[in-house]
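Novice: This is the structure I want to talk about, given as structure tokens.
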Amino acid sequence: MAWLGFGARGDLVKNIQGILYQAGLYQGSIDGRFGPKTERALKSWQSELGVVSDGYWGPKTLKATSDLLSELNKDANPAGTPVIPYYGKARYE
């Protein structure tokens, strides 16, 4: 997995922005551009997750986010269909 940080662009950044939006930490456009608003929101998210708050989306942030979403999905969706925030909305996989 590639590390994503300031200046990154693309659909993965949109996914990250969607997660941060759903968490109430990101208020900018979900535009796929990793700028200062995304970086600030990600640092807050990392702090809440208990991982190093460095502003880079890497393996530890991904795992902590995945673990949290899995736990939330268990509670909110007993049928077991994963719900993942995507572009500011829920997407089923």
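Just so you know, all these numbers are worked out from the coordinates, no wet-lab data involved. Quantities reported herein were computed from a predicted structural model and do not represent experimental measurements. Glycine gets a Cβ as well: all are built from the backbone with ideal geometry, and neighbour counts include every protein chain shown.
Novice: R0 = 22 Å: FRET efficiency of Lys43 with Lys63, Cβ-based, nearest 0.05?
Specialist: Once the sixth-power term is evaluated, E becomes 0.80.
Novice: Something else about it: Considering only the other residues whose Cβ falls under 13 Å of the Cβ of Arg33, what net charge follows from Lys and Arg at +1 and Asp and Glu at -1?
Specialist: Charge balance near Arg33 sits at 0.
Novice: If you don't mind, another one. Using a cut-off of 12 Å between beta-carbons, work out the net charge of the residues near Val13 (Lys and Arg +1, Asp and Glu -1, Val13 not included).
Specialist: Net of charged neighbours comes to +1.
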